[in-house]
Amino acid sequence: VLEKPAIVVGGGAPEAYIANKLREYSNKLSGREQLAVQKFADALETIPLVLAENAGMDPIDTMTDLRSKQSKGNKWIGIDVKNTKVADLYKQDVIEPAVVKEAIMKAATDAACMILRIDDVIAASKSEMPKGGEGMGGMEGMPGMGGMPMGM
C-alpha cells in the first residue's frame, strides 16, 4: 500500500463498473468470445450482488438500480450496506487500497483462465478418444481385443 498509494471505492462499485464496460465491449464480439466476456461480467457482479443480499436488500432491484446509475457515468456508485441503498460511495469515504483490489482481480482472473485451460484439455482429450466398442488394436497379424465400450 505504501509503494502504490492509490485507492478505489468499495461496495462493489469497481466490479460493477468493469462489468458494465465488459458488457459494452461484448456487443462488438460474437459467438463464444461474446459469451465468455458476458459471463466474466456476470462473475464480477457477484460482489455487489452478494453485498446487497447480505444487507437485506432486494438483489434484483438493487442490481438494476446499480447498473442504471453506473451506465449514466457515475463509477463511484456502489452498494451502501450501512444505509441499505445504492449510493455514491466516494462521497461517503467507503474506500479500499487499489493494490488489494488489483491483486484480488488478478487472482480471480488467473483462476478463471486456469479453469478454461483445463476445460480445453479435457475437451480435446475427449475428442481424441476412440469411439466406444472399438477396443485396443492387436499386434501385427492378430485381431484386436474388442470388449466393452469405454466408460462402462
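Only the coordinates and a few stated rules stand behind these numbers; no lab work does. These figures come from a predicted structure and were not determined experimentally. Cβ coordinates were reconstructed from backbone atoms using ideal geometry, including for glycine residues, and neighbour counts include every protein chain displayed.
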Charge context of Thr46, other residues only, Cβ under 13 angstrom, K/R +1, D/E -1: -3
message: Please compute the modelled spin-label separation between Arg117 and Lys39, points set 7 Å along Cα→Cβ, answer in nm with one decimal.
response: 1.8 nm
query: Want the number for Leu29 to Glu53: 0.36 nm per residue separation, take away the alpha-carbon distance, what's left?
result: 5.5 nm
Farthest positive-ward along the stretch 7-96 dipole, Cα basis, beta-carbon charges - from Pro59, Val37, Gln92: Val37
task: Could you work out the local net charge near Val9, counting Lys and Arg as +1, Asp and Glu as -1, over the other residues with Cβ closer than 11 Å to its Cβ?
output: -2
query: Going down the list Lys39/Lys72; Lys4/Lys82; Lys69/Lys101; Lys39/Lys106, which pairs span over 27 Å between their C-alpha atoms?
result: Lys4/Lys82
Per-residue HN-Hα couplings for the stretch 96-102 [Karplus 6.51, -1.76, 1.60; θ = phi - 60°; Hz; x = Gly/Pro]: 9, x, 4, 5, 5, 4, 4
- request: Return the aspartates and glutamates within reach of Lys21: Cα separation strictly under 14 angstrom, same-chain partners fewer than 8 residues apart disregarded; answer none if there are no such residues.
  value: Asp42, Glu45
- request: Mind checking the stretch 1-74 for GluC sites (Glu not before Pro) that DSSP puts in a loop (not H, G, I, E or B) and that have at most 16 other Cβ atoms within 10 Å?
  value: Glu3
statement: Cβ density ranking, 10 Å radius, fewest first, applied to Leu22, Leu51 yields Leu22, Leu51
task: Would you mind computing, in nm to one decimal, how far apart the modelled labels at Ala6 and Ile104 are, each placed 7 Å from Cα along Cα→Cβ?
output: 1.6 nm
query: What is the sum of charges around Ser71, taking Lys and Arg as +1, Asp and Glu as -1, for the other residues whose C-beta is under 12 Å from the C-beta of Ser71?
result: +4
